[in-house]
1. Here are some residues: Thr71, Thr111. Which one is in contact (Cβ under 8 Å) with a residue 60 or more places away in the chain, β-branched (Val, Ile, Thr) and either open to solvent by 80 Å² or more (accessible area, probe 1.4 Å) or out of contact with any Gly (no Cβ under 8 Å at 6 or more places or on another chain) (or both)?
2. Go through region 114-145 residue by residue and tally those that are open to solvent by 40 Å² or more (accessible area, probe 1.4 Å) and either among the charged types (D, E, K, R) or touching a His at 6+ places or on another chain (Cβ under 7 Å) (or both).
3. Does Ser36 count as under 9 Å from the mean Cα position of the chain (by Cα) and of a type in the set (Ser, Thr, Tyr)?
4. Thr41: polar (S, T, N, Q), out of contact with any His (no Cβ under 6 Å at 6 or more places or on another chain) and buried (at least 21 other Cβ atoms within 10 Å of the Cβ), yes or no?
5. Identify, from the list Ser25, Ser36, Ser89, Ser9, the residue that is crowded, with 19+ Cβ neighbours inside 10 Å and among the polar types (S, T, N, Q).
6. Mind counting the residues in region 94-145 that are assigned to a strand (DSSP E or B), touching a Pro at 6+ places or on another chain (Cβ under 9 Å) and acidic (Asp, Glu)?
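The values are calculated or read from the model by the stated rules, or taken from the named source; none is laboratory data. What you see is a predicted model; the values in this text were computed from it and never measured. No Cβ is skipped: glycine too gets one built from the backbone with ideal geometry, and neighbour counts run over all protein chains shown. In case anyone asks, the SASA skips ligands and DNA or RNA and just uses the protein heavy atoms, side chains included. Shrake-Rupley method; radii C 1.70, N 1.55, O 1.52, S 1.80 Å.
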Amino acid sequence: MTIEHEELSPLVPHKGKMFIIDRISDARPDEWIIESETKITDGFMFYEKSVDGAPNYACFEIIAQTISALTGLYAREHSLPPNMGFILSVSNLHFDFDVAKSGQTVKVRATREAKVDNVYSFTAELFVEGKPSGSGKLTVMEVVE
């Protein structure tokens, strides 16, 4: 299942230039698995001309938005409104590169590992041009209204 940027927009709270995911290349909301793709260009929000790319820390935002898209897709599949979420903790986050260069595609694969009430734990793997390039664990709290 491929979902393009425009279709994802209503499912995540990020808008305009802050919404940086280009597409979802795989989504299995009921299994809590998702893969996103983001191409680094000079129009990318975190692009820095001095390095002709985006610093690795910008990839954390790609991971966070990928998880947000997964929760939004799950909500849509179950006729629920998308909810806001807050990152409670980040652990074991590392990147094997300093800069994602212009023209490169960053892919994130995220999987929900645990859920307690409205708190979720996700693992994420990051790939640059198909090469494993980082990973981490995020714990998020969904704000249920």
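1. Of the residues listed, the single one that is in contact (Cβ under 8 Å) with a residue 60 or more places away in the chain, β-branched (Val, Ile, Thr) and either open to solvent by 80 Å² or more (accessible area, probe 1.4 Å) or out of contact with any Gly (no Cβ under 8 Å at 6 or more places or on another chain) (or both) is Thr111.
2. The qualifying residues number 7.
3. Spelling it out, Ser36 is indeed under 9 Å from the mean Cα position of the chain (by Cα) and of a type in the set (Ser, Thr, Tyr).
4. No: the conditions fail for Thr41.
5. Ser36
6. 1
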